[in-house]
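Before any comments, here is the structure.
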Amino acid sequence: MKDRRKRDVVTWNRFFWCTLFLVFFCILFSGFTFSTFRIFFFGEKFHPEIVSTWRTPAMEALSGDSAVVPALSIRETVILPDQVLVFLKYPSSSQLLTEEDLLCVYLSVNKSSSQPQLKLPPNHMDDKDFDHHIVRCPLNPRDHTVSLALKSGGYIHPGPTHRWDSLVYEALIDRDNTTVVFVKGLNLRPEKLSNASRYECVYGWDFRRPKFILRSQVISMAQEIVRCKTPLSILRNPRVANGSIKASIRIKGRGTLHSIARPVFRSKKPEPGPAEEEKAHEICICTMLRNQARFLREWVIYHAQIGVQRWYIYDNNSDDEIEDVIDSLASSNFNISRHVWPWIKTQEAGFAHCALRARESCEWVGFIDVDEFFHSPSGLTLHDVISNQSGSGSNVGEIRTSCYSFGPSGLKLVPSQGVTVGYTCRLGVPERHKSIVKPEALNSTLINVVHHFHLSKGFRYVNADRGVLVINHYKYQVWEVFKEKFYRRVATYVTDWQNEQNVGSKDRAPGLGTRAVEPPDWSSKFCEVTDTGLRDLVLQKFTDPLTNHLPWQEEEDVEINEYGFGSAK
């Protein structure tokens, strides 16, 4: 009897612990199943992965600031070589702050005190909308992190901080449902495909914490552009639409790159039919610029005259009056838009991004700089040139145009009548070419170097005859303008002027060296052929018969210099 009672006790004890274990297991399994059901439903799997980030000190009340700004937060912080980008996240009912409302504050990451070591006004703010509200702060001292405070009182908690040299910075979900990811730090070779099997694409809500992330296949990888297979669960997740999900790249065996890239959708591919719908614009232009506001009006007005209908301006950290100039042009019925592109030395990636944007509304897109002007010596419009070069039903996807490089042409001051009138002497031989491309013809890798793209199979390029179309590249202008190129080049694979590498490159001025010191004979250099073709055309077509001024010319700033040209005061 005693033995039986003992066995009963043991059996009940085991039953209790088994029951407790089963209940715990059911709760755990239910939670996991609920969170991943729609992923497994589509046959995909989540894999947990920890992504590290820089630590930022917890901010207590700043000296004199007693409150935290409610709801408003810092989404991300990116440290560039010369400034810090702080991305603000607004609540839906909030009003945009202005540059006058904020201060950049700097806190030591080593000291226990959270009191700010320094407060400085922002360099600039891009405050056009809630999605791209960037506060540009002066570069933080070493071992300091950056946050923001309101001048009226109160501070904003710092967000995750990322280094620019290893970062996924933009992502688009293309119309074929693949994700195009733009990434810095892979150091891939120009114009070459890389081994995609070494990488994975990852998606998640927050890479700062050990959360579940979703992996997918890399379809292609070239330069700074990665094309990923987008999981169905990501495509159907409403968090994509509200910007909660990020995309990143995992290097197998090395970990996942930091990311601030929240994929946004491009339009879907049109349904096949007897005839595709005609696009809104026949000819568009994409450009990337920095501090070119004073030259933009001439460039836009001239190209509108010869047939350009739409301009995409990728602003690469300008701190001049570029926004005012673009707004003025837009109010004058020029179809022009500014796209904030703060990523340094990413021209090829920016052009690929622009090609995807322009594809939906532009039949052809030219990729040129603001100091480059299409010119038809025979007087044809771009419409006529493209029609003659491509032909109806042709498989031509790119028209390559030779570039003539113009020099200072004897001038020492910026010509007030514009570059097309002021500079009339150039080198004898073209230095390279630029392109007008059909976005539909671009290779899915979006590889592009020196303003031309790789084309899809079945398409080809043609070289425009120089008597039909050339580009006047006002490359070597008066020293006041040219010396600004020493600051930084925008192209990924073009060495900066002060760097000793590739001194013989065509992207440099022959014999100039690496210092921004004006040669004594600068105004007379690079002059082998007198070429007044575009100047004569501009004066004939654009001069106002009453005022004798050109439409981009500021009347109050004109004076005649010693060479007989109008020059800026």
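Convex hull of alpha carbon positions in the stretch 407-448: directionally averaged projected area 5.1 nm². Over the stretch 282-341, accessible surface divided per residue gives 33 Å², non-protein components excluded, 1.4 Å probe. For the stretch 243-369, the extents of the C-alpha atoms along the principal axes are 54, 48, 24 Å, listed from largest to smallest. Note on the stretch 368-444: the alpha carbon radius of gyration divided by the globular reference 2.2 N^0.38 Å gives 1.36. From largest to smallest, the equivalent ellipsoid semi-axes obtained for the stretch 169-250 from the alpha-carbon gyration tensor read 22, 14, 11 Å. In whole percents, the pair-distance distribution calculated for the stretch 72-193 from its alpha-carbon pairs, binned every 5 Å from zero, is 2, 10, 18, 21, 17, 12, 9, 6, 4, 1, 0.
In terms of packing, defined here as the mean over residues of other Cβ atoms within 10 angstrom, the peptides 240-251, 182-193, 218-229 line up highest first as 218-229, 240-251, 182-193. Taking packing as the residue-averaged number of other Cβ atoms within 10 angstrom, the listed peptides 120-126, 311-317, 516-522, 467-473 run from highest to lowest as 311-317, 467-473, 120-126, 516-522. In order along the stretch 531-544, the Karplus-derived 3J(HN,Hα) couplings, from 6.51 cos²θ - 1.76 cosθ + 1.60 at θ = phi - 60°, round to 9, 9, x, 6, 4, 4, 5, 5, 4, 6, 8, 10, 5, 6 Hz, and Gly and Pro are given as x. In loop segments of the stretch 434-479 as defined by DSSP, the trypsin sites (Lys or Arg not before Pro) with at most 15 further C-beta atoms inside 10 Å of their C-beta are LYS457, ARG466.
Could you give me D for the stretch 321-387, from Stokes-Einstein at 10 °C and 1.306 mPa s, where the hydrodynamic radius is the Kirkwood radius over C-alpha pairs? Units µm² s⁻¹, please. The Stokes-Einstein estimate is 110 µm²/s. Shown in residue order for the stretch 379-391 are the 3J(HN,Hα) couplings computed by the Karplus curve 6.51 cos²θ - 1.76 cosθ + 1.60 at θ = phi - 60°: x, 6, 7, 4, 4, 5, 4, 5, 4, 5, 7, 9, x Hz (x for Gly and Pro).
Count Lys and Arg as plus one, Asp and Glu as minus one, and take only other residues whose Cβ is under 12 Å from that of GLU480; the net charge is then +2.
Taking amide hydrogens as placed 1.01 Å from N in the peptide plane, the amide H of VAL264 sits under 5 Å from those of ALA171, LEU172, ILE173, each at least 5 positions away in sequence or on another chain. Scaled to the globular estimate 2.2 N^0.38 Å, the Cα spread of the stretch 116-270, given as radius of gyration, is 1.18.
D for the stretch 413-486, whole µm²/s, Stokes-Einstein with Kirkwood Rh over alpha-carbon pairs at 4 °C and 1.567 mPa s: what number?
Approximately 85 µm²/s, per Stokes-Einstein.
Using all pairs of distinct alpha-carbon atoms, the Kirkwood hydrodynamic radius of the stretch 295-354 works out to 12.3 angstrom.
Neighbours of GLU372 by Cβ distance under 10 Å: Lys/Arg scored +1, Asp/Glu scored -1, total 0.
The values are calculated or read from the model by the stated rules, or taken from the named source; none is laboratory data. Quick caveat: nothing in here was measured; it's all calculated off a predicted structure. All Cβ positions, glycine included, derive from the backbone under ideal geometry; neighbour counts span all protein chains shown. Note: accessible area is taken over every heavy atom of the protein model, side chains too, but ligands, DNA and RNA are not part of it. Shrake-Rupley method; radii C 1.70, N 1.55, O 1.52, S 1.80 Å.
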